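The values are calculated or read from the model by the stated rules, or taken from the named source; none is laboratory data. On a predicted model such as this, the values are computed, not experimentally measured, just so you know. So basically every Cβ, Gly included, is an ideal-geometry build from the backbone, and we count neighbours across all protein chains shown. Quick note on the areas: whole protein, heavy atoms, side chains included, nothing else; ligands and nucleic acids left out. Shrake-Rupley method; radii C 1.70, N 1.55, O 1.52, S 1.80 Å.
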Amino acid sequence: MAAATTREAVDLLEARLKERFERIARHWEGIRGRHPAPGPHEWRHDAAPRSPLPYFPRAVEQREVVRHKSFALDDETCDEAAFDMELMDYDFHLFTESGSRVDSVIYRSGDDYRLAQLDPRPEAVTQGSVPVTVSPAPAPMTTVKGAIERLELTGWPFVFFRDENRNRGCVLYHRYDGHYGLITPAT
């Protein structure tokens, strides 16, 4: 096809390309359906982004406790514990709450903080400037194996529990590499 002017040549080319694109689109829809569904390990540009796991998706049967940290729990208020947690950029902080003298863990809950204790004593918790809600549920008594099962069943990032052998508060958590980390108080 020849055109008399450059403008006419551009218009003809545009019409020809438009026709080809429409034919390709009809062909795709006829064979594959309107919106092709991505496979289980496939992502497409028009698909919603998946939310990444905060840890490597290692198979459950391959996971093991590879990090065991034991230290003397600090006697702190919730304000001090929240400050330490934020300063270290942790998701939780294990400590002994100074008012109740109970092994406790503080963690973020939305914009506020939540406190879980071995034996909840909300009336004894030292009040500060940081808004903290106290969980009324006591920490479950279990073993490390039971904590692993609970962690996998709930999908939580960590589990705070009373260790049957130590009778103290411990935290089991998912590590970035897909294994587990265990924090226990030094006795």
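Take each of the peptides 60-72, 112-124, 132-144, average the number of other beta-carbon atoms within 10 Å over its residues, and list them starting from the highest.
In decreasing order of mean packing, 60-72, 112-124, 132-144 become 112-124, 132-144, 60-72.
For the residue pair THR126 and ASP75, what label-to-label distance in nm results when each label sits 7 Å from Cα along the Cα-to-beta-carbon direction?
0.9 nm
Carbon-plus-sulfur fraction of the accessible area of the stretch 93-187, 1.4 Å probe, in percent?
50 percent
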